[in-house]
Amino acid sequence: MPVRFFTDDHLREAGSLKWTGMSRPDGGPVIGAWVAEMDFATAPAVADAMKGAIDSGLLGYQPSWLAGAVAEATASFQEERFGWSLDPDHIRLVASVLPALRATIEHLTAPGSPVVVPTPAYMPFLTIPGELGHPVIEVPSRHGDDADGRGWALDLDGIRAGLEAGAGLVVVCNPWNPTGRVLTRAELAALDAVVADYDALVFADEIHSPLILDPATAFTSYARLSPEAASRAVTATAASKGWNIAGLPSAQVILPDGALRERWDERAAHLSHGATTIGAIGAIAAYRHGIDWLDEVCAIVAGNVAIVADALAGSPIDFTRPEGTYLTWWGFADAGLGGAPADELLSRAGVAANAGRALGAGYEQWARINLACSPDAAARIAEAALSIL
Ligand SMILES: Cc1ncc(COP(=O)(O)O)c(C=O)c1O
């Protein structure tokens, strides 16, 4: 099923956030490589389902059958893609993933308890807890020689120290935005062994799990480790990244543990109201009929990663090949730039990336770059990065 690429001009004219949200100081053209959107049209099956819903007049309030249909499609996808057998009754429809994180902090952790966030981290993980009166404990992750040959790894001692300091929640992003790591079952089990020593929950953000780039890479949900792990895990996922429909909120929270599910239902059931009908219909179509298309997207992103890795080889840019997601993490500490890499990339080379400083303290010389683009754009992004050295 061919994936339809949009051209730079189309994306600018259509006015997508990724392509119009950042401009170059000199007004020159910009390649959008920041916010988590893809430069591809969504899967035809998803587009057809959403258009069909509009044509059928499904533009009113959320129909009562929708949450159940989403839960069944989510369970079917999780089983077929990852072999996780779930009871659809254990899956909740929510507006999107970040409100689920908010609800977890607000309603399921002790007031004011800190939140442990391994860094580098998706930016809102570092700001949302503070907005709710919960301090963030940033735990810089292990990197390079210190990361067991994996590029990046969680610092379990740091996470333990955060829990020891009273944290009530650990946020685990897998696949990991921005490093692209897919945490292994063994890594998750080691984390769970730490969390189990404390009265704490894990927010497992698995929004990027459809985007495992190599089919040979196994993906395991934290909650799947054991019933005990499930009893402390709020798992959030969505079709919004994998099928590029983030503007139509609809996400899922998976709660296999009865007691935790009961707590969620008492305090956070209202989150289902924010899900859009069209987004939920898109998610159902994605999970049930969008798999061939998704496989092709994963292959395209993997190809882009190879293009970039080849181009950057031998340069001072620190680039770990992502195993999942199209978001990638580039280190410029050895490049001797005059300023922050994202500023230099934008002003000198016309690439709009995310500034590393927003993803955690100590990452000022890093940038997050989105490779969900055409192979040609990926090559131009790599060339642009080399041009600022
Ligand atoms: C790891 C991660 N979690 C959550 C979100 C946002 O999810 P939502 O739009 O469902 O709130 C993103 C978006 O980029 C993300 O990368």
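The values are calculated or read from the model by the stated rules, or taken from the named source; none is laboratory data. If you're wondering where the values come from, they're calculated on a predicted model, not measured in any experiment. Positions of Cβ are generated from backbone atoms using ideal geometry, with glycine treated the same way; all protein chains shown enter the neighbour counts.
Yes or no: region 181-193 includes at least one residue that is within 16 Å of the ligand (Cβ to nearest atom) and of a type in the set (Lys, Arg). Among the residues of region 181-193, at least one is within 16 Å of the ligand (Cβ to nearest atom) and of a type in the set (Lys, Arg), which makes the answer yes.
Hey, does region 327-334 have a residue that's out of contact with any Cys (no Cβ under 7 Å at 6 or more places or on another chain), within 18 Å of Trp19 (Cα to Cα) and of a type outside the set (A, V, I, L, M, F, W, C)? Within region 327-334 (the criterion being out of contact with any Cys (no Cβ under 7 Å at 6 or more places or on another chain), within 18 Å of Trp19 (Cα to Cα) and of a type outside the set (A, V, I, L, M, F, W, C)), the answer is yes, since at least one residue qualifies.
When we screen Gly338, Gly314, Gly258 for residues that are over 22 Å from the mean Cα position of the chain (by Cα) and at positive phi, the only hit is Gly314. Counting only residues that are under 19 Å from Asn174 (Cβ atoms) and within 12 Å of the ligand (Cβ to nearest atom), region 90-117 holds 7 of them. Each residue in region 321-347 was checked for being over 25 Å from Val301 (Cα atoms) and either within 16 Å of the ligand (Cβ to nearest atom) or of a type in the set (Val, Ile, Thr) (or both), and 0 of them qualify. Selection of region 20-38 for residues being within 16 Å of the ligand (Cβ to nearest atom) and of a type outside the set (Asp, Glu) yields Gly21, Met22, Gly32, Ala33, Trp34, Val35, Ala36, Met38. Does Pro2 fit the bill of being modelled with pLDDT under 95 and not β-branched (Val, Ile, Thr)? The answer is yes for Pro2.
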